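Undergrad: Supplied in structure tokens, the structure appears directly below.
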Amino acid sequence: MPSASEQPVFFAAGSLRLEGRLGLASGPDAVVITHPHPLYGGDLDNPVVAVLTTAYRRLGYSTLRFNFRGVGASEGRYAAGQGEQDDVRAAAAYLAGLGKIVTDLAGYSFGAWINLHLRSPLATVRRQLLVAPPVALLEFDAVAAPSELIVVVGDRDDFAPLATLRKLLPVWQTAARLHVLAGADHFYGNALDRLAARVEAALAAPRS
């Protein structure tokens with residue numbers, strides 16, 4: 001369900017119509033927030049996606065979370081990651097049309113994979129927030145990381161094992177910041193409040 005500060009919207013992604021939730025702030029900065037894997041129940045109502053949305057709203061960002069093609073009321077069908085990249089670009093273009101500047105991309109699980117693998121990085125994006133990037137399931141290669149990269153993961157996440165992440169982070173971005181939540185798994189069912197606090201603190205910290 002949308003929060004009191006969000007409104008349902010639809011926007012175009014090529015010939016498709018995608019469903020989203022828009023939260024407008026007075027300032028120019030905006031974030032596109034992406035959800036887990038469409039084939040495994042991921043959508044814009046995911047609790048972790050809601051946590052990310054709230055954190056950015058509290059920091060004064062306009063937010064757009066949306067359903068990838070084929071999910072919920074979004075048209076189309078799953079496109080193995082290629083079409084979903086186009087969906088992210090369409091979401092950013094929609095925000096730009098509202099006079100907002102997409103400075104951040106925030107993704108959870110599959111959404112993190114999509115954001116980090118955009119074929120042509122968005123010129124305005126300065127920072128990406130990756131929550132539980134599923135490095136044990138998907139190939140994270142040939143990424144184009146922005147100037148700032150924040151990664152949040154639970155130490156019991158079998159889909160985003162810490163040992164693998166620690167090897168990949170310097171490859172993605174030498175100055176990447178890793179935040180580990182003790183006792184949290186991939187789904188954060190027992191750790192949503194702690195995730196919210198950690199994400200907000202990480203985003204509010206001075207940029208290096």
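The values are calculated or read from the model by the stated rules, or taken from the named source; none is laboratory data. Quantities reported herein were computed from a predicted structural model and do not represent experimental measurements. With ideal geometry, Cβ positions are generated from the backbone for all residues, glycine too; neighbour counts draw on all protein chains shown.
Undergrad: Can you name the number of the only condition in (1) in contact with a Gly (Cβ under 8 Å, 6 or more places away or on another chain); (2) polar (S, T, N, Q); (3) at pLDDT below 95 that S120 fails?
TA: Tallying (1) in contact with a Gly (Cβ under 8 Å, 6 or more places away or on another chain); (2) polar (S, T, N, Q); (3) at pLDDT below 95, S120 fails exactly one: (1).
Undergrad: State all residues of the range 195-204 that are surrounded by 11 or more Cβ atoms within 10 Å (Cβ to Cβ), touching a residue at least 12 places away in the same chain (Cβ under 8 Å) and not acidic (D, E); if no residue qualifies, say none.
TA: Answer for the range 195-204, where residues must be surrounded by 11 or more Cβ atoms within 10 Å (Cβ to Cβ), touching a residue at least 12 places away in the same chain (Cβ under 8 Å) and not acidic (D, E): L195, A196, R198, V199, A202, L203.
Undergrad: Additional query: Return the pairs, sorted by first residue and then second, in which the second residue is polar (S, T, N, Q) and crowded, with 17+ Cβ neighbours inside 10 Å, the first residue lies in the range 155-176 and is over 13 Å from V131 (Cα atoms), the beta carbons are less than 9 Å apart, and the residues are 6+ apart or on different chains.
TA: Once the first residue is over 13 Å from V131 (Cα atoms) and sits in the range 155-176, its partners that are polar (S, T, N, Q) and crowded, with 17+ Cβ neighbours inside 10 Å give Q173/Q128.
Here's the yes/no breakdown for (1) small (G, A, S); (2) touching a Leu at 6+ places or on another chain (Cβ under 8 Å):
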position	(1), (2)
H117	no, no
R127	no, yes
D141	no, no
S147	yes, no
K167	no, no
Q173	no, yes
L178	no, yes
L195	no, yes
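Undergrad: In the range 177-205, how many residues are at pLDDT below 95 and in contact with a helix residue (DSSP H, G or I) (Cβ under 7 Å, 6 or more places away or on another chain)?
TA: 0
One line per residue, one yes/no per condition, for (1) loosely packed, with under 15 Cβ neighbours inside 10 Å; (2) touching a Ser or Thr at 6+ places or on another chain (Cβ under 6 Å); (3) not β-branched (V, I, T):
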| residue | (1), (2), (3) |
| --- | --- |
| P8 | yes, no, yes |
| A13 | no, no, yes |
| L16 | no, no, yes |
| S26 | yes, no, yes |
| V32 | no, no, no |
| L39 | yes, no, yes |
| G42 | no, no, yes |
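Undergrad: Which one is surrounded by the most Cβ atoms within 10 Å (Cβ to Cβ), of the residues in the range 98-131 that are aliphatic (A, V, I, L, M) and free of Cβ contacts under 8 Å to residues at least 60 places away in the same chain?
TA: Filtering first and then ranking leaves L130.
Undergrad: Within the range 165-178, how many residues are closer than 22 Å to Y61 by Cβ, crowded, with 17+ Cβ neighbours inside 10 Å and not aliphatic (A, V, I, L, M)?
TA: Count: 1.
Undergrad: Scan the range 6-35 for residues that are within 19 Å of V151 (Cβ to Cβ) and either part of a helix (DSSP H, G or I) or in contact with a strand residue (DSSP E or B) (Cβ under 6 Å, 6 or more places away or on another chain) (or both) and report the count.
TA: 4
Undergrad: Let me ask something else about it. So which of L181, L192, L162 ends up being within 20 Å of N46 (Cα to Cα), surrounded by fewer than 17 Cβ atoms within 10 Å (Cβ to Cβ) and of a type outside the set (K, R)?
TA: Just a single option satisfies the conditions, and that option is L192.
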